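K.L.:
Structure in structure tokens, see below.
The values are calculated or read from the model by the stated rules, or taken from the named source; none is laboratory data. Note that this is a predicted model, so its numbers are computed, not measured. With ideal geometry, Cβ positions are generated from the backbone for all residues, glycine too; neighbour counts draw on all protein chains shown. Keep in mind that these areas ignore ligands, DNA and RNA; they rest on the heavy atoms of the full protein, side chains included. Shrake-Rupley method; radii C 1.70, N 1.55, O 1.52, S 1.80 Å.
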Amino acid sequence: MKNIIKDNFPNFNQLLIEDIEKNATIKDFNAGEVLIRSGQYIKNTVLVLKGKIKIYREDDDGNEFFMYYLQPGQACAISMICATKNETSAIMAKVVEDAEVLMLPLPLMEKWMAQHRSWYEFVIETYRNRFEEVLEVVDSIAFKAMDERLVYYLNKHKEVNKSKDIKISHQEIANELNTSREVISRLLKKMEQQGLVNLHRNHIELIK
């Protein structure tokens, strides 16, 4: 376990890594599985070792509001906050690509904040990064038209996956942007005519 922790979290010091080895549990999850549901109490801090996890909000009708993705070397700040305050989760976390995660018991999170400087810095950096991502999403919704939001969304996917080939359906995009599939298909067709994308079945190739 030591090497995989060090590879994904290179800033963790040796004593912290040893504490994680003693107390953490590694769990595997398949794509489509839900790690965290709205309304449940969170008992563990989750650190991602492999795969990709989508963080989103869900309304009473099951509509999704996409927030951000978690990748190897990252943790969910919102779940950390809910856990430390002993509040129920306000978000959903679903595995997008088969994932391997470290499950850390909640009491250790606060203990390590005082004991391990590298853990303290990791938690603060996690809060900062996720806060900035949420602000970007809010700005996108508040100040941009749907075509601009779609461009932002696709570029975010390109950045996260480090690929211009985005394997996602029009319906999935519509769900995450809280609009209709017809609107997304129309806007993507317009982007294709402008030479910005090539459209394929269940995947989109970004050109610019």
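K.L.:
Quick one: is residue 170 over 28 Å from residue 90 (Cα atoms), of a type outside the set (S, T, N, Q) and open to solvent by 20 Å² or more (accessible area, probe 1.4 Å)?
P.N.:
Numbers: over 28 Å from residue 90 (Cα atoms): no; of a type outside the set (S, T, N, Q): yes; open to solvent by 20 Å² or more (accessible area, probe 1.4 Å): yes.
Considered against the rule, which asks whether it is over 28 Å from residue 90 (Cα atoms), of a type outside the set (S, T, N, Q) and open to solvent by 20 Å² or more (accessible area, probe 1.4 Å), residue 170 comes out as no.
K.L.:
Next question. So, in region 108-118, of the ones that are at pLDDT 85 or above and among the aliphatic types (A, V, I, L, M), which residue ends up surrounded by the most Cβ atoms within 10 Å (Cβ to Cβ)?
P.N.:
Going through the qualifying residues, I end up with 108.
K.L.:
Something else about it: Of everything in region 119-152, what is open to solvent by 80 Å² or more (accessible area, probe 1.4 Å), under 15 Å from the mean Cα position of the chain (by Cα) and basic (Lys, Arg)? Give them in sequence order.
P.N.:
128
K.L.:
Quick check on my filter: what residues within region 151-208 are among the basic types (Lys, Arg) and over 19 Å from residue 137 (Cα atoms)? Steps first, please.
P.N.:
If we filter region 151-208 for residues that are among the basic types (Lys, Arg), which is where we start, we get 156, 158, 162, 164, 167, 181, 186, 189-190, 201, 208.
Matches in region 151-208: 162, 164, 167, 181, 186, 189, 190, 201, 208.
K.L.:
In this structure, does residue 28 turn out to be part of a strand (DSSP E or B), within 22 Å of residue 168 (Cα to Cα), out of contact with any Leu (no Cβ under 7 Å at 6 or more places or on another chain) and open to solvent by 60 Å² or more (accessible area, probe 1.4 Å)?
P.N.:
no
K.L.:
Now for a different question. Among the residues of region 97-112, are any over 24 Å from residue 12 (Cα atoms), in contact with a strand residue (DSSP E or B) (Cβ under 9 Å, 6 or more places away or on another chain), among the β-branched types (Val, Ile, Thr) and in contact (Cβ under 8 Å) with a residue 12 or more places away in the chain?
P.N.:
Checking region 97-112: not a single residue is over 24 Å from residue 12 (Cα atoms), in contact with a strand residue (DSSP E or B) (Cβ under 9 Å, 6 or more places away or on another chain), among the β-branched types (Val, Ile, Thr) and in contact (Cβ under 8 Å) with a residue 12 or more places away in the chain.
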